[in-house]
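To start, the structure itself, in C-alpha cells.
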Amino acid sequence: MPEQAILIITIALALAYAYGNGINDAANSIATVVSTRVMTPLAAVIMGGSMNMLGALTGTSVAKTIGKGIVDPDLMSQTAVMAAIMSAVVWVVVATRFGFPVSVSHSLVAGVLGAGVAHAGFEAVKTATVYKVLLALALSPLLGFGAAFIFMIIIYRVFRRWTPHQVTALFGKLQILSAAFLAYSHGKNDAQNAMGIMALAVGVYYSQDVSVDLWMQIVSALMIGFGTAFGGWKVIRTLGMRVTKLQPSSGFAANACAAAVIEAASTIGLPVSTTHTTSSAIMGVGATRRLSAVRWGVTRGILWAWLVTYPFCAILGWILAKILGAIL
C-alpha cells in the first residue's frame, strides 16, 4: 500500500479516536451537571463541546508529548503509527460498548509503546517521559479523590447553617461553571491526543520534525464534540448516577477538583486521564457522607477497566504493528 494511503488511513483513525474520546472521556466533564439536573443533556453537550474546543485550541504541549515524547519519531514507521492508533480505537470502542469510562489518553500511550517496541525495539522508548506518564497514572486518581474529599468537607462546614434551598441555588450555578472549567481542561489535555498522533504520522511521512498544525487542533476538537453529542450517554450514566448520588454542591466539588488537577498537568505537558481524575473525585465527594454511599461494585468495574488498559493496548499495538508491517 502506498505510504500516502497509510497516512490518510492513520489520520482517519485519529479522527475516529477523537470521536471515541468524545463518546467516552469528554462525557466525564458534563456527567455531573446532567445527573443533578442542573443542565439539560442538550445544553450540557453544547457547553461541553464548545469548552472542549476552546481548550484544544489553547495549547499543544500534551500533543507534542504524545507525538514525540513516548517513542523516538525517527525510529517509527507509518505502519507502526497506524497500529498505535488502531489499538487505542479498538479498546475505546470495546470499553464504551460496556459503559466503562476508561483512560483514552493511556490507551493511546500504551498503543504507541507497543507499536514502537514492535518496530524498533525498546531503544525507541523514551523512558523518562514514560515514567512521568506512569506516575501520572498512579497519582491522578489519588489526587482527585483526596482533593474532592477535603474540599467537600470544607463545603459542609462552611455552609452548614444554610438551608438546602439556598445551598442548591448557589451550587447549581457554581456547578455549571465548574463543568465548563472541567470541559475546558479536558480539551487542553485529552483532546490533544489525536493531534499528537496526527502530528507523528505527518512527521514520519515527510521525515520532518513533529509539529502540531492548526487544522489538527480544529478537526480533533470538532470530532470530540460530535462524539459527546451522539454517544456519551452511557458514560454519563455510569459516572453521574451509578457511582454515588450527587447534589449540586458535591457535583461542583468533584468537577472543580478534577479540573484543577488536569489543568496543572496540562501546564507541564503531562497527559493525564480525565476519566481517572473525575471518577476518583466523584468517589471522594461520595465518601464524605459515608463509605457505603459509594457503590463500590460499580467502581470495581471501572478500576478493572483501568488496569486492563495498558497491557491490552500495548500488546494489541505490538501485534498490529507486526501484522501491518508484514502485509503493507
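Six or more apart or on different chains, Cβ under 6 Å: which pairs go from a residue in the stretch 55-71 that's outside any helix (DSSP H, G or I) and buried (at least 24 other Cβ atoms within 10 Å of the Cβ) to one that's of a type outside the set (Phe, Trp, Tyr) and at pLDDT below 85? Could you list them?
No pair meets every condition.
Exactly one condition in (1) buried (at least 23 other Cβ atoms within 10 Å of the Cβ); (2) at pLDDT 90 or above is false for residue 151; which is it?
(1)
Can you name every residue in the stretch 90-111 that is β-branched (Val, Ile, Thr) and surrounded by 24 or more Cβ atoms within 10 Å (Cβ to Cβ)?
Scanning the stretch 90-111 gives 92, 102, 104, 109.
Of the numbered conditions (1) in a helix (DSSP H, G or I); (2) in contact with a Gly (Cβ under 9 Å, 6 or more places away or on another chain); (3) crowded, with 18+ Cβ neighbours inside 10 Å, residue 230 fails exactly one; give the number of that condition.
The number of the failed condition is (3).
Give all pairs with beta carbons closer than 9 Å in which a residue from the stretch 131-147 that is over 24 Å from residue 287 (Cα atoms) meets a residue that is crowded, with 22+ Cβ neighbours inside 10 Å and among the aromatic types (Phe, Trp, Tyr); count only pairs at least 6 apart in sequence or on separate chains.
Once the first residue is over 24 Å from residue 287 (Cα atoms) and sits in the stretch 131-147, no partner that is crowded, with 22+ Cβ neighbours inside 10 Å and among the aromatic types (Phe, Trp, Tyr) comes close enough.
Output the residue which, of all residues in the stretch 275-302 that are within 17 Å of the chain's Cα centre (by Cα) and modelled with pLDDT of 70 or more, is surrounded by the most Cβ atoms within 10 Å (Cβ to Cβ).
281
Give the residue that is modelled with the lowest pLDDT, with candidates limited to residues of the stretch 259-274 that are in a helix (DSSP H, G or I), closer than 16 Å to residue 56 by Cβ and among the β-branched types (Val, Ile, Thr).
In this case the residue turns out to be 274.
Within the stretch 102-211, which helices (runs of 4 or more DSSP H) (wholly inside it) include 1 or more residues that are more than 28 Å from residue 57 (Cβ to Cβ) and out of contact with any strand residue (DSSP E or B) (no Cβ under 7 Å at 6 or more places or on another chain)?
104-120, 127-158, 164-189
Would you pick out the residues in the stretch 105-124 that are of a type outside the set (S, T, N, Q) and within 22 Å of the chain's Cα centre (by Cα)?
The answer is 106, 108, 109, 110, 111, 112, 113, 114, 115, 116.
The values are calculated or read from the model by the stated rules, or taken from the named source; none is laboratory data. Computed from a predicted model, the values in this text were never measured in an experiment. Here Cβ is always computed from backbone atoms with ideal geometry, including for glycine, and neighbour counts include all displayed protein chains.
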